[in-house]
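Presented below is the structure to which this report refers.
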């Protein structure tokens with residue numbers, strides 16, 4: 001029986017073990033940084049609901065989000081009437097509705113983020129989509145449906161009370 005040496009600490013695994021040649025993991029599913037930060041920001045506003053306006057600089061500092069990027073996230077959230085603002089010396093942003101009334105899907109839709117797991121669902125299929133003959137098509141669409149149902153049923157209040 002052949003014995004293999006254990007891989008030394010800190011060395012990289014091969015592609016077959018989940019890493020690319022450059023040592024980075026490849027992920028089957030991922031969300032954009034904009035969506036991730038958007039949910040973090042909205043959860044923070046939900047946590048502060050009813051406490052008055054908060055400056056974006058304070059939110060950026062607390063969540064370690066670059067201020068210029070945060071301003072790009074807040075604009076569509078305000079247009080979607082998920083956030084409101086008060087101008088002036090004691091001004092800032094605040095959640096426009098009760099956290100129990102704002103679904104995760106509302107936030108993602110405001111940020112123009114859609115659930116699309118495959119290139120076919122994004123309209124960018126490199127093979128010239130085989131819609132009618134693709135054996136995996138039904139599975140991917142069902143999985144997308146489950147994800148959409150989850151984000152529609154999960155609110156900012158749920159995010160605030162989630163525990164690991």
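The values are calculated or read from the model by the stated rules, or taken from the named source; none is laboratory data. Just so we're clear, the structure is a prediction, and the values are computed from it rather than from any experiment. As a convention, Cβ positions derive from the backbone with ideal geometry for all residues, glycine included, and neighbour counts pool all protein chains shown.
Brief remarks follow.
- Residue list for segment 72-99, filter: touching a residue at least 40 places away in the same chain (Cβ under 8 Å) and either part of a loop (DSSP other than H, G, I, E, B) or exposed (fewer than 13 other Cβ atoms within 10 Å of the Cβ) (or both): 82, 98
Every residue, every condition in (1) in contact with a helix residue (DSSP H, G or I) (Cβ under 7 Å, 6 or more places away or on another chain); (2) more than 25 Å from residue 37 (Cβ to Cβ); (3) at pLDDT 75 or above, yes or no:
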{"residue": "76", "(1), (2), (3)": "yes, no, yes"}
{"residue": "82", "(1), (2), (3)": "yes, no, yes"}
{"residue": "89", "(1), (2), (3)": "no, yes, yes"}
{"residue": "97", "(1), (2), (3)": "no, no, yes"}
{"residue": "103", "(1), (2), (3)": "yes, no, yes"}
{"residue": "110", "(1), (2), (3)": "yes, no, yes"}
{"residue": "124", "(1), (2), (3)": "no, no, no"}
{"residue": "149", "(1), (2), (3)": "no, no, yes"}
{"residue": "158", "(1), (2), (3)": "no, no, yes"}
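- Check on residue 115, within 20 Å of residue 80 (Cβ to Cβ), assigned to a loop (DSSP other than H, G, I, E, B) and either touching a helix residue (DSSP H, G or I) at 6+ places or on another chain (Cβ under 8 Å) or modelled with pLDDT of 85 or more (or both): yes
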